Structure formats: structure tokens, C-alpha cells
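Engineer: The structure under discussion is supplied below as C-alpha cells; questions concerning it will follow.
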Amino acid sequence: MLKIFLIAVFGITLLHASLTDYKSQADILQLSQERYWHLLLHMVNGESEIDDPKFFLAPDGKTNAKSELEATLNALLNETNFDDNSTACKFPARKAWLKEKLQIDDFADVTCKKYDETLQKLNPKSVTLVYPSAHINSITSMFGHTLLRINSGYNSRLLSYAVNYAAEIESKKTNLFMSATKGLSGGFAGSYSLLPYYEKLKEYRDVEQRDVWEYDLNLNEMEVLTMFMHYWELQNTKSDYYFFTENCSYNMLWLLEIARPSIELRKHFNYDVIPLETVHAAQEENIIENINYRASRRTILLKYEELLSDLYIHMPKDIVDSKIDLNKIVEDETIVIEQKRYILEASIELLEYSFAKNSITEEKYQSLFDDLIQARTTLGAGEKLMIPTPKNPIESHRALRISTGIGSRDNESIGFLGIRPAYHDLEDNHYGFLRGTQIEFLSLQLAYTKQKVSVEEATIFSIASLAQRSEFFDNFSWRTKVGWDKEYDSTQQANFITTIGAGYSWGNELGLVYIMADPLFYSNDKIVTAIGNSIGLIFDTYSFMNTNLEVTKRWYDTGEEQWLTKISQNFRVSQSLQLKLKYDYNEKYYLEQKEKTETFKAMLHYYF
């Protein structure tokens, strides 16, 4: 008995001595100050961005890197659990790094069953940065999204798993205003998750009508394993989610820097993190090696609309709505076989889309799907549907824009200076962007003459979604703006405006046309309300230029009426440089007198 006691005391003494030695060695090497340790803690300026206490082993670990390192060493060298609840199983990336740095060979043996099973299931070999493009009718998704796909050894990438970061939002209990407020103020909790990639594709590509771009990264197998180890440490933690900063895309950057510490992706961002900009950052860090495009179901159905004859374009919708007997189409000898194939293939795509949107019951879906597949099989193989790859978003203009220009207003020379942090408007060249979308924040344009400098326009936010209607999609268009402009009166002072409107748009390969009704409020020394009706045209068939025209008639509660006309011609000189020529015609009122104002502008936009 005494012998066992002495052995135990001796063991504890050795362990204590070993722990003391490792802590001393860590101090000498200043491990707590190393960049990689701060990456593991998600620490910025001395404080971790992880807000969940479960992530820290020291009481002050969130703000004290040294304390957290010592607590981690202590926990790893004094394991009391030897299964999935052990420190080694919860923090495999920390353990691996400390083992390498301190040459530790006396960690306790533990069995990490869940970790090992997940690792075996993933079989990580490489990683892909996935960018689902903007969702044309969703404010929260108009910036796009990014996630990471961990590619396995399987032949099909669809069988791989994706690491995602998202805010936890209860959509039934949260309205649009509340979502925006919480998203801006960190009112939502964000968390990492690991899901089958095909499920994420179904959500983005099939339900939300978003094209998906996949950027394969040149991380090696060991780097991908390290990234997964760190994901494992984060999987059950929650942090405050901020729409513009600590968002989905920003939190993917931590994982990539953990995988390869020599890249510093987060340094590319200061005030906001836009998903597409993270793809640009990955390109600048030279980690993208291959690019793949997956068309959304919306894009596929729009292609079938091009291929179907006007005589038959209504048939897929009628089939899904059970208004046409499927067999009659197959047996109709007046319909050429290629058109029959297109009709049935489009019907299958439309049926899948309707089911994904919960527009039909599962019973009806399964019955009609089986009938359509059987009918299509009888028609033999046809030509493969060719979806042209659109312009790569990585070749689009950047988010931050500065502007300078000259012009005239009522025969007086005038200069312009502007800045816009984010990120795209309808008059920008839409190369690489989703057509008909606009989202601007905190835009400012100044006008100056020899006499004075004034605010030409200041935008808190301006969002537009011109979702084109078609045979298969009954989309409506909408837009909203909050800020200041000079469109109301001729006092040369910008007035505060709030507006939100709705309408419809239609488009083809040449461009799109839209009509909108916009209730609005102006505020200067009093509040003035109005309703505006607009008709607009965007001609964008050429990738190097686009032409915008909009004519608006407004009726004010003061009895005044106003015509406004805007014409702009934009040229894409390069990815970073665009030239805009613009003409504005406004009828303005001042002291009950109508005045006509004409403004000509030649603007140079630089994006970076």
C-alpha cells in the first residue's frame, strides 16, 4: 500500500515538474504571443472574437492569451476524462500545435470516437471556397454568401461536406426590421456547422435561385486537416453575428488562415466584409487554382424558355398545374421530338422547383415526377442542355468606389467628388454581377463651384431588385432608398428622402424594362409626401457598356407635379476603372415657382 502511494506521489511530482518545465519553455519561446496561437483563439487586439465561455479554459481566456495557453497545457497534461469529453478531443488543433512547439511526448492517451468517426466520414483531401451569388429578392442575401467545401476522396464533390457559418434566426418570430436591426447590432448568435454539400446546393441553387461559383484552393492535405481540427474546436460555440463585419464570410477567413498561417486574408478588410470581396482577397493571396460554375434551377429554366417555341412555352407550367394530359403531348405528332424533350425536361425542372418552394404536396410531386421521367425516357436521348458560363464574379469591379468628375448645371461649371464603401448600383457596369440588383451603403457625392461646396447626394442605403418576370417566374420588382438628394426643390440644398416602391420588370438578351410606383417622403423645413410613377430601360447586351434611362412623374400632396429624366452611359475601361456620362432633367419648385434644371456630368469611377 505504501509502495502504491509513493509511486502515485512520485508520478504527480514528475507531472507537476513536467508541466512547470513546459510552461517555462512556453514563456521562453513566447508562444502566447505567436500569431498562430492568436489565430487559434480568434484574438484581435488582445481580445477574442469568440463570445462563448465554453471555448475558453481559463476564466480570463477571452482577453489573456498567456493565461489561456497555460490553462490549455494544464488541462492537456492533467486529463481526467479520456473519451470525447477530454480536452484533447475538444481541442485537437491546440494540442497538435503545442505538441509540435514544445516537443511534448507525454500527453495522456485518449479515445476521440466522435472526432475519429467524423474525420473518417469526411476523408479531407482539399478545400473549395464556394460563393453562392446574390439572391435577387432577398435583402439579407443580396451580398451573396461564402462557405467552405471540404473535398473528400470520393469522385463526386456532391458527397463532400461543407463548413458554414450563419446567424441563428427564427424567421417566424423575426420581421424584416427586427432582422436588420439585430444583424447590424450583433443581436443574433452566429455558429459554425458541418452539412452535406448537396443539402447546401439544394438550398442555394434550387430554392433561392442562386448560381453557385466554386473556387478550388491550393491548400494541401495536411493544411486541410489542420483546418478541420480547428473547425472541431469551434463547432459548438456561439458568437455575436454582425451583418457587415463578423459575418459568414469573415468567419471563413479564420479557418483558411489556420490552415495556412502565411496568408493574411483578414488584413484585406477594415470596415466591412462583403462575401464577393473575400473571393477577391483569396485571388490576391494566390490560393485559387481552379474555378467551376453551377447554374441555378432558375438559370436552367430561363434557358428552356429560350429553346421552347412560343406555341409550347406554356406547356411545362400547365403540366405541373395538371392542366394538360402528359400523354397527349408525347403522342402529338405535330410537335417535333426535340420540342417534346424540351417540354418534358422543363416540366421536370419546374416541378422540382415548385416542390422545393413547398408549392405542391409531396404526394403530387412524387406521382408527377415518376410520370414525367417515364415519359421523357420514351423520347430517347437528346442534345445536352448547354448553359453558357456567365461572367466570373471575380472579374467584376470591387466594392469600394471613389469618383471624380466635371459637368455643368444651368450653364454653370461644376465639379464632383464622391466615395461609396459598398458596393454596386444599377448604373455601374454589371459585369460579373447579378443583373438588375443594386445595394449601396453610405454613399456620398459632393458638388463644388467657385462659390461653394455642397452635398449633391448622400445615401444611407439604397437597394433595388429588378427581378424580370418570365413564363416560369412571376417575380415582382422593388426598390428603397434612405438619404439626401437635390431632386425636390431648387434651393441647392439636399433634402432628406425616404422611399420604398414596387413594380415589375421584363428582360431579354438585349436589356430590361421596368415600371415602378414609389411612395416617398421629403423633409426640409416641412414633410412633403408624393407618389412617383417611373418607367425605365437598361440596355446591357454588351459587357463593356450599359445604358440607363428612367422617366418619372411625381404628384406631391402640395398639388405640385414634377417630371424627372435620367440618362446615363457607362463604359467599363477595366476591372477597376469605369467612365460614366450622365444627364439629369428635373422640374423643381421654389417659392411656388417651377424651374427646369439640367445637369451634365462626366464621371470617372475607380474601384478597389
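Engineer: For residues that are part of a loop (DSSP other than H, G, I, E, B) and free of Cβ contacts under 8 Å to residues at least 60 places away in the same chain, scanning just region 487-513, find the one that is surrounded by the fewest Cβ atoms within 10 Å (Cβ to Cβ). Break it down stepwise before answering.
Structural biologist: Residues of region 487-513 that are part of a loop (DSSP other than H, G, I, E, B), as a first pass: 487-488, 490-494, 508-510.
Keeping just the survivors that are free of Cβ contacts under 8 Å to residues at least 60 places away in the same chain gives 492-494, 508-510.
Working: Gln492: 15, Gln493: 12, Ala494: 20, Asn508: 12, Glu509: 7, Leu510: 12.
So, considering only residues that are part of a loop (DSSP other than H, G, I, E, B) and free of Cβ contacts under 8 Å to residues at least 60 places away in the same chain, the one surrounded by the fewest Cβ atoms within 10 Å (Cβ to Cβ) is Glu509.
Engineer: Restricting to region 194-235, what's the tally of residues that are of a type in the set (S, T, N, Q), modelled with pLDDT of 95 or more and either in a loop (DSSP other than H, G, I, E, B) or within 21 Å of Ser133 (Cα to Cα) (or both)?
Structural biologist: Our first condition is that a residue be of a type in the set (S, T, N, Q); within region 194-235, this holds for 209, 218, 220, 226, 235.
Now restrict to residues that are modelled with pLDDT of 95 or more: 218, 220, 226.
Imposing the further condition that a residue be either in a loop (DSSP other than H, G, I, E, B) or within 21 Å of Ser133 (Cα to Cα) (or both) reduces the set to 218, 220.
Adding up the residues that qualify gives 2.
Engineer: Further, regarding this structure: For region 245-293: of the residues being among the basic types (Lys, Arg) and touching a residue at least 12 places away in the same chain (Cβ under 8 Å), which is farthest from Arg401 (Cα to Cα)?
Structural biologist: Step one: list which residues in region 245-293 are among the basic types (Lys, Arg), which gives 260, 266-267.
After this cut, where a residue has to be touching a residue at least 12 places away in the same chain (Cβ under 8 Å) as well, the list is 260, 266.
On the way: Arg260: 31, Arg266: 20 Å.
Of everything passing the filter in region 245-293, Arg260 is farthest from Arg401 (Cα to Cα).
Engineer: Still on this structure, I have one more. Does region 500-509 contain any residue that is of a type in the set (Ser, Thr, Tyr), closer than 30 Å to Thr404 by Cβ and in the same structural domain as Gly432 (by TED's automatic domain parsing)? Steps first, please.
Structural biologist: The first filter runs over region 500-509 and keeps only residues of a type in the set (Ser, Thr, Tyr), leaving 504-505.
If we keep only those that are closer than 30 Å to Thr404 by Cβ as well, we get none.
For region 500-509, residues of a type in the set (Ser, Thr, Tyr), closer than 30 Å to Thr404 by Cβ and in the same structural domain as Gly432 (by TED's automatic domain parsing): absent.
Engineer: For region 572-585, name all the residues that are assigned to a strand (DSSP E or B) and touching a residue at least 60 places away in the same chain (Cβ under 8 Å). Break it down stepwise before answering.
Structural biologist: To start, the set of residues in region 572-585 that are assigned to a strand (DSSP E or B) comprises 572, 577-585.
Scanning region 572-585 gives Arg572, Gln578, Lys580, Lys582.
Engineer: Since Ile348 meets every condition but one in (1) farther than 30 Å from Glu285 by Cα; (2) surrounded by fewer than 12 Cβ atoms within 10 Å (Cβ to Cβ); (3) outside the structural domain of Gln445 (by TED's automatic domain parsing), which condition does it not meet?
Structural biologist: Against the list (1) farther than 30 Å from Glu285 by Cα; (2) surrounded by fewer than 12 Cβ atoms within 10 Å (Cβ to Cβ); (3) outside the structural domain of Gln445 (by TED's automatic domain parsing), Ile348 comes up short only on (2).
Engineer: Could you list, ordered by first residue, the pairs with Cβ atoms under 7 Å in which the first is in region 556-567 and assigned by TED's automatic domain parsing to the domain that holds Lys601 and the second is among the polar types (S, T, N, Q) and surrounded by fewer than 17 Cβ atoms within 10 Å (Cβ to Cβ), at least 6 apart or interchain?
Structural biologist: What qualifies is Asp557/Thr529.
Engineer: Let me ask you something else. Taking the residues in region 59-80 that are surrounded by fewer than 22 Cβ atoms within 10 Å (Cβ to Cβ) and of a type in the set (Asp, Glu) as candidates, determine which candidate is farthest from Asp21 (Cα to Cα).
Structural biologist: The qualifying residue farthest from Asp21 (Cα to Cα) is Asp60.
Engineer: Would you confirm whether any residue within region 300-309 is under 22 Å from the mean Cα position of the chain (by Cα) and either under 22 Å from Gly432 (Cβ atoms) or surrounded by fewer than 22 Cβ atoms within 10 Å (Cβ to Cβ) (or both)? Break it down into steps so the answer makes sense when it comes.
Structural biologist: Looking only at region 300-309, we keep the residues that are under 22 Å from the mean Cα position of the chain (by Cα), and these are 300.
Restricting the remaining residues to those that are either under 22 Å from Gly432 (Cβ atoms) or surrounded by fewer than 22 Cβ atoms within 10 Å (Cβ to Cβ) (or both) gives 300.
Yes: region 300-309 contains one or more residues that are under 22 Å from the mean Cα position of the chain (by Cα) and either under 22 Å from Gly432 (Cβ atoms) or surrounded by fewer than 22 Cβ atoms within 10 Å (Cβ to Cβ) (or both).
Engineer: I need the helices (runs of 4 or more DSSP H) fully contained in region 303-419, keeping only those with at least 2 residues that are of a type in the set (S, T, N, Q) and out of contact with any strand residue (DSSP E or B) (no Cβ under 8 Å at 6 or more places or on another chain).
Structural biologist: Numbers: elements: 315-320, 326-331, 337-356, 362-377.
Because the criterion is at least 2 residues that are of a type in the set (S, T, N, Q) and out of contact with any strand residue (DSSP E or B) (no Cβ under 8 Å at 6 or more places or on another chain), the helices (runs of 4 or more DSSP H) in region 303-419 that meet it are 337-356, 362-377.
Engineer: Now a separate question. Only one of these conditions is not met by Asp109: (1) over 22 Å from Met252 (Cα atoms); (2) touching a His at 6+ places or on another chain (Cβ under 6 Å). Which number is it?
Structural biologist: Result: Asp109 fails condition (2) only.
Engineer: Give the residues of region 355-392 that are among the hydroxyl-bearing types (Ser, Thr, Tyr) and in contact with a helix residue (DSSP H, G or I) (Cβ under 6 Å, 6 or more places away or on another chain), sorted by residue number.
Structural biologist: Within region 355-392, the first condition is being among the hydroxyl-bearing types (Ser, Thr, Tyr), and the residues that meet it are 359, 361, 365, 367, 377-378, 389.
The one that is among the hydroxyl-bearing types (Ser, Thr, Tyr) and in contact with a helix residue (DSSP H, G or I) (Cβ under 6 Å, 6 or more places away or on another chain): Tyr365.
Engineer: Same structure again: Taking region 39-51 on its own, how many of its residues are surrounded by fewer than 16 Cβ atoms within 10 Å (Cβ to Cβ) and on the phi < 0 side of the Ramachandran plot?
Structural biologist: Initial filter on region 39-51 (surrounded by fewer than 16 Cβ atoms within 10 Å (Cβ to Cβ)): 44-47.
Okay, now just the ones that are also on the phi < 0 side of the Ramachandran plot, so 44, 47.
Residues that pass the stated criteria total 2.
Engineer: A follow-up question, please. Can you tell me which of Glu487, Glu550 is acidic (Asp, Glu), under 22 Å from Thr459 (Cα atoms) and modelled with pLDDT of 95 or more?
Structural biologist: Numbers: Glu487 fails: modelled with pLDDT of 95 or more.
Just one listed residue meets the conditions, Glu550.
Engineer: Ser465 fails exactly one of the following numbered conditions: (1) in contact with a Phe, Trp or Tyr (Cβ under 8 Å, 6 or more places away or on another chain); (2) without any contact (Cβ under 8 Å) to a residue 12 or more places away in the chain. What is the number of that condition?
Structural biologist: For Ser465, the exception is condition (2).
Engineer: Being part of a strand (DSSP E or B) and more than 24 Å from the chain's Cα centre (by Cα) is the filter here; which residues of region 445-475 pass it? First the steps, then the outcome.
Structural biologist: Within region 445-475, the subset part of a strand (DSSP E or B) is 445-448, 453-465, 468-469.
Selection gives Gln445, Leu446, Ala447, Tyr448, Val453, Ser454, Val455, Glu456, Glu457, Ala458.
Engineer: Next question, about the same structure. Would you tally the residues in region 533-567 being within 28 Å of the chain's Cα centre (by Cα) and assigned to a strand (DSSP E or B)?
Structural biologist: Start the filter on region 533-567 by keeping residues that are within 28 Å of the chain's Cα centre (by Cα), which leaves 536-548.
Retained after the next criterion (residues that are assigned to a strand (DSSP E or B)): 536-539, 545-548.
Residues flagged as within 28 Å of the chain's Cα centre (by Cα) and assigned to a strand (DSSP E or B) within region 533-567 amount to 8.
Engineer: Based on this model, can you work out whether Lys481 counts as at pLDDT 90 or above and out of contact with any Leu (no Cβ under 6 Å at 6 or more places or on another chain)?
Structural biologist: Yes.
Engineer: Let me ask another. So Asp109 clears everything in (1) at pLDDT below 95; (2) touching a helix residue (DSSP H, G or I) at 6+ places or on another chain (Cβ under 8 Å) except one condition, right? Which one?
Structural biologist: Only one criterion in (1) at pLDDT below 95; (2) touching a helix residue (DSSP H, G or I) at 6+ places or on another chain (Cβ under 8 Å) is unmet by Asp109, namely (2).
Engineer: Now for a different question. Looking at Glu257, Glu246, Glu264, Glu233 in this structure, which one is closer than 13 Å to Tyr192 by Cβ and in contact with a helix residue (DSSP H, G or I) (Cβ under 8 Å, 6 or more places away or on another chain)?
Structural biologist: Glu233
Engineer: Give the residues of region 254-277 that are touching a strand residue (DSSP E or B) at 6+ places or on another chain (Cβ under 8 Å), surrounded by 22 or more Cβ atoms within 10 Å (Cβ to Cβ) and within 23 Å of Glu395 (Cβ to Cβ), sorted by residue number.
Structural biologist: Leu256, Ile274, Pro275, Leu276, listed by residue number.
Engineer: Any idea which of (1) modelled with pLDDT under 95; (2) more than 23 Å from the chain's Cα centre (by Cα) is the one Ile274 doesn't satisfy?
Structural biologist: Status for Ile274: all satisfied but (2).
Engineer: Could you tell me whether any residue of region 444-457 is modelled with pLDDT under 95 and in contact with a His (Cβ under 7 Å, 6 or more places away or on another chain)?
Structural biologist: no
Engineer: What tally of residues in region 442-472 results from selecting those that are aromatic (Phe, Trp, Tyr) and surrounded by 15 or more Cβ atoms within 10 Å (Cβ to Cβ)? So that I can check it myself, show each step before the final result.
Structural biologist: Residues of region 442-472 aromatic (Phe, Trp, Tyr): 448, 461, 472.
Keeping just the survivors that are surrounded by 15 or more Cβ atoms within 10 Å (Cβ to Cβ) gives 461, 472.
Result for region 442-472: 2.
The values are calculated or read from the model by the stated rules, or taken from the named source; none is laboratory data. What you see is a predicted model, and the numbers here were worked out from it, not measured in a lab. No Cβ is skipped: glycine too gets one built from the backbone with ideal geometry, and neighbour counts run over all protein chains shown.
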